[in-house]
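Structure first, then comments.
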Amino acid sequence: MSIWNLEYALIPFFGWVSFILGWLVIRQWPAQAKRQIEKAAQYVARGGLVYLSAEGKRSANGSLNPYKKGPVVMAIRAQAPIHPLYISGSRKCMPPGEWKIRPGKIVVLFLAPIETVGLSYDDRDELLQKIREIGKSSHRRWAHADEERA
């Protein structure tokens with residue numbers, strides 16, 4: 001299962017299937033977004049897996065966007081581990097704002113899980129910073145791969 005924003009869910013076929021197989025978050029409606037995150041947290045607490053982006057959306061220039069607290073709060077609420085992923089190369093295959101998927105190479109790194117058992121809502125900022133540092137480190141190491149594939 002996954003959590004998608006409205007813009008992504010509107011992409012023909014791939015976005016529609018993603019919408020059917022997950023939860024739709026409309027960022028402009030905070031109460032709706034919180035309800036969807038809570039539903040996802042309940043699903044995770046029962047043993048389900050959920051994919052979502054800590055950045056919320058891709059940046060226009062390839063840099064990392066600020067991380068959102070929703071994924072961290074959801075994992076803490078469910079007392080479930082966070083399994084960070086780093087994805088490189090998707091910007092060439094599907095540039096932000098475009099709906100056409102282009103051929104190319106995408107690298108997905110599965111990073112070490114981060115436990116949340118015993119953490120509380122008060123730990124969210126520290127956990128978010130830890131995840132952000134992992135993202136920055138991966139980005140420094142792999143962002144050049146996007147440029148080489150250009």
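General remarks:
- Pairs with Cβ under 8 Å, 6+ apart, first in the stretch 126-144 and under 13 Å from Leu111 (Cα atoms) and acidic (Asp, Glu), second open to solvent by less than 20 Å² (accessible area, probe 1.4 Å) and assigned to a helix (DSSP H, G or I): none
- For the stretch 11-36, taking the residues that are of a type outside the set (Gly, Ala, Ser) and in contact with a Phe, Trp or Tyr (Cβ under 8 Å, 6 or more places away or on another chain), the one that is modelled with the highest pLDDT is identified as Gln36.
- Restricting the first member to the stretch 110-124 and to residues that are closer than 12 Å to Pro81 by Cβ and assigned to a strand (DSSP E or B), and the second to residues that are of a type in the set (D, E, K, R) and open to solvent by 50 Å² or more (accessible area, probe 1.4 Å), the beta-carbon pairs closer than 8 Å and six or more apart or on different chains are Ile114/Lys130.
- Only one of the listed residues (Glu133, Glu55) is exposed (fewer than 15 other Cβ atoms within 10 Å of the Cβ) and either modelled with pLDDT under 90 or part of a helix (DSSP H, G or I) (or both). That residue is Glu133.
- Any chance Leu49 is touching a residue at least 40 places away in the same chain (Cβ under 8 Å), assigned to a loop (DSSP other than H, G, I, E, B) and in contact with a His (Cβ under 9 Å, 6 or more places away or on another chain): yes
- Test result for Arg77, surrounded by 13 or more Cβ atoms within 10 Å (Cβ to Cβ) and either of a type in the set (Phe, Trp, Tyr) or in a helix (DSSP H, G or I) (or both): yes
- Failed item in (1) under 22 Å from Val107 (Cβ atoms); (2) assigned to a loop (DSSP other than H, G, I, E, B); (3) open to solvent by less than 40 Å² (accessible area, probe 1.4 Å); (4) in contact (Cβ under 8 Å) with a residue 40 or more places away in the chain, with Tyr86 passing the rest: (2)
The values are calculated or read from the model by the stated rules, or taken from the named source; none is laboratory data. Given the structure is predicted, the values throughout are model-derived calculations rather than measurements. With ideal geometry, Cβ positions are generated from the backbone for all residues, glycine too; neighbour counts draw on all protein chains shown. Protein only, heavy atoms only, side chains kept; ligands, DNA and RNA dropped before computing areas. Shrake-Rupley method; radii C 1.70, N 1.55, O 1.52, S 1.80 Å.
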